[in-house]
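Notes follow once the structure below has been shown.
The values are calculated or read from the model by the stated rules, or taken from the named source; none is laboratory data. As the structure is a prediction and not an experimental result, all values here were calculated from the model. Every residue, glycine as well, gets a Cβ built from its backbone with ideal geometry; the counts of neighbours run over all protein chains shown. Calculation scope for accessible area: heavy atoms of the full protein, side chains included, ligands and nucleic acids excluded. Shrake-Rupley method; radii C 1.70, N 1.55, O 1.52, S 1.80 Å.
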Amino acid sequence: MGSLLHSAGSWPRPRSRAAVGRGGAARSRRPRERGNADGELERALLTERARFARHLDIELRVACRSEAASRHELGIVARALCRGHAYRRLGFVRLSDYARERLGVSARTLHAAAWVATRLDALPIVAAAFDRAELSWAQVRTVCAVARPEDQVQWLARARASTVEELERIARAVRPNAAGAADPDHDDGTIDGEPALRLRIACPARVRALWRRALELASRGAGEPLVAWRAAEIIAAEAFSGRPAGVSLVDRAVLACMRLARRARRCDSATDARRTVTDPAARALAMGGSSAHCPASETVAPELGPVATAQVAAATGQAAAASEPERADTALQRATSDPFALDARLVAAMRVIRTSEPRIGRLLRVVVDQHLYRAHGFASLADYVRERLGISIRKAWALLKVERSTHRADDFARAYDEGAISWVSALTLLPVVDRANAAAWIARADAVTVRRLADEVSWVLEARDVCGADARLDPPPLDSVLVSPVAQAIATSAASVQIRAHAPSQTLLTKFDTDRRAALEVCDVEMQFTAPVSVVALFREALDAYAEPGAPRWLALARVLQHVIAYWEATPRHRDPIFARDGWRCTVPGCSSRRNLHDHHLRYRSRGGGNAPTNRSAVCAAHHLHGIHTGVVRASGTAPRDIHWQLGVRSDGPPLLSYVGDRRCPDARWKNALGQEKETG
Ligand SMILES: [Zn+2]
Ligand SMILES: [Zn+2]
């Protein structure tokens, strides 16, 4: 393949384009009549080009096929891991955290693969066709969304006879009547049941810094990581509640709040329902409040922890197997319900995907650059990708995007090609990586959790927006405390100006309050998000409310952001020095929880652990009660920087993962950490 790509760089591009048949089938071919040496040369080039296109096509299809097979395996195992929340035994409380930190993909990827695996179980004839490589991933996904066991043969015939586009069209028409859960990876251009719309506002970099800060504060307030549009909705609602004097917006504000409240209720009841079904204990424990301390049982729990939990996990596996009588092979079920075995299989499947994806990206780039899809009779890359390769065009663009950025730095290209950095890490690093800093960022990605890596990247970007475009994008020192540059600027200005509690936006942020100079400022960056159409409308109304006649649009944005940031920074939370120090979120490595925080004593009070801040750490309720105090997660050492973490503790082997703070721990250091912990008790 290497040679193929080398020749691609200097490939001659004939003026007229070859049109050979799609998949070998004939399509009209119109060679130019020249009848001289020039024409002969062109024909030769055309043939050569067609041959090249064919080779590339075969390689691409093989790579996509092997990727699809691994994705199927990923789905089968991911489904088993989700059953009874088996990933909790590995030390993670959310599937998304496990997927990101351990596999380097989004939970959506795992859910989508698990969905296909589940559907294929119900459609054995379709599954067999997929195993024989007769159906691409795109075809299988489409058929899985609509076929039932009784009509799977017809759907299979339809898939074979029609293009993927036609198949999708037929499926869309049938879909409302189809049984079963919808494909979680289905992209129909809507968000939250509404048409999706993108809002873009060109602005000076410092306003984008405000935007980043507002997103972080919105997430903090919501108690969980928010996608940009959800944060935008909260920002708009907050902006209305503190509208500038003289503008009557009460109705809108009330409507916005009601909408948010309704959604929150919907989410809560959904979560509660899930808890009731799967884990009655969790619900009772969740009632414990946000400042619960270690339960009384903490002296006994750790000793019998891993064993007891393993038994629970095994029992859960058995229960799941028993509840499905059609599954005869319960022994196999038990063998495939061990979370550690499942984890190993997932990691292996991901390894294949992680090396085949860069390959697909590289080959695709040649196809795009040379317009080789035309050689197969396709008018666009999207058609080629869908019909020939059976991957989604969204995925193809994402692969191409990362592939293009690997040209910025050899270190980045090498790490990505070899699968040394995960898909999620690569995407996280894209905005900051350049020739000078690539090696440092790759090393950092290897050293810390993806959670920490994302924090560092956001911090560097925010700092750049505040300090100017010439600021370097190097990683911050390892383990450094990341203080938001915007928050710092506010603190500085707050110290010099007397603040009135209820009109913070007038006095705070003087550094940013440059209305007069606004007209002269350069809008060199862009703030953007994609949201349901109603949220975009709400956000625009908020901007309108803050707009001054004749002033640029971004100035209204700056005012909205200044208002909400000042308000949120000034709002007194319940004072808790430990939670504040730990950034109001769970300190267990990789955990994204920001809600239901507990104050955990690293050395238990029953064993003489004191109340000093160095012995206390903020952890989420789920990690505290189901992780630490059941022995699945171990924490020792000194807060906040030197906590030794072990995730997925087991009696018959090393823990699955070890960290010091957010730093990954190599195996040798893991043993040290364990030894130390035993000495100190
Ligand atoms: Zn505790
Ligand atoms: Zn947690």
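Side notes on the structure shown:
- For residue 664, the solvent-accessible surface with a 1.4 Å probe is about 80 Å², rounded to the nearest 10.
- Ratio of Rg to Rh over region 577-680 (Cα coordinates, Kirkwood Rh, two decimals): 0.93
- Protein-only accessible surface order, largest first, of 460, 533 at 1.4 Å: 533, 460
- Accessible surface of region 65-219, 1.4 Å probe, proportion on carbon and sulfur as whole %: 52
- Per residue accessible area in Å² of region 363-450, where ligands, DNA and RNA are left out and the probe is 1.4 Å: 36
- Peptides 615-624, 643-652 ordered by average Cβ neighbours within 10 Å, highest first: 615-624, 643-652
- Accessible area per residue was computed with a 1.4 Å probe on protein heavy atoms; residue 434 scores about 50 Å².
- In the full protein context, region 577-680 carries 40 Å² of accessible surface per residue, based on a 1.4 Å probe and ignoring ligands, DNA and RNA.
- Rounded percent of accessible protein surface that carbon and sulfur make up, region 577-680, 1.4 Å probe: 49
- Formal net charge of residues neighbouring residue 143 (Cβ-Cβ distance under 9 Å; K, R +1; D, E -1): +3
- Surface share of carbon and sulfur [accessible, 1.4 angstrom probe, percent] for region 406-474: 51
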